[in-house]
Amino acid sequence: MGGALGTIGDYTIPYVEVSEAIGTALTIVNRYAGTISVDSLASELKLEKTGGGFRMKVTSLKGYGLVEGRGKLQSTDLANKIALTKDEIVANRHKGFAFLNYPLFKQIFNRFGDKVPDEEAFTNTLQDITKVNRIEVSKVVPRILRYFADASPYLKGIPRSDSEQTQISKEASGKGQGETTVSQLMVHTPQKALGGLDEIIMGDVRIYLKPELEDVATAKGLLAVYEKKLKKKLAE
């Protein structure tokens, strides 16, 4: 359940909660191999493609970082990771990242973490963030609180500050650079320029991955989606 696409101060408020946006993105990945026409998406959502509701939903999907494009919409890398990872904890973390793509939500998260505050504390904080008078803030508080409560389960374990997020990203890269890796395909040593990625080679095919099972699972899913798209293209 959403509301009007709008703004508060300099911040945009999406039309739908992140869980609804993710549901639409999953449809695009799972049913349409990551690429869908505007007409088909409008049909899936049972909306007129020229209507305001449809346009605001698409704008919200883009704001969450889940789709891109115009005449044809494509799922983003973030949407693909949510759809294709087999690890629920990892999928939820990526859902949280989608929510935090809206700057207002990121500001709120940096104040409260994954805890949903009471309305009074939330109103005070929202007024401080947006620099908008209390009367205007009070009009959007119930809606934004609902969005935040919807996203709260996905925010657990995500650090608040940018510096913490950067550090965790570095730690998640796994093995140190220059460490020798052995695979059935090839014995190789990742170079510094690859940023700790393993280079997997067979014939003319080269794939670069972090040495993590999560990334292997995601790569399998992405290749399956690409295979479907390629088969569909060749069949036309």
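Values quoted throughout were computed directly from the atomic coordinates according to the rules given, and no laboratory measurement underlies them. These numbers come from a predicted model, not from an experiment. Virtual Cβ from ideal backbone geometry, glycine too; neighbours counted across all protein chains shown.
Some points to look at:
- Among the listed pairs Lys72/Lys115; Lys86/Lys156; Lys62/Lys156; Lys57/Lys220, those with a Cα-Cα distance over 27 Å are Lys72/Lys115; Lys57/Lys220.
- Under 15 Å, Cβ to Cβ, from Val132 - net charge with Lys/Arg +1 and Asp/Glu -1: +1
- Burial order of peptide ranges 19-25, 71-77 (average beta-carbon count within 10 Å, highest first): 19-25, 71-77
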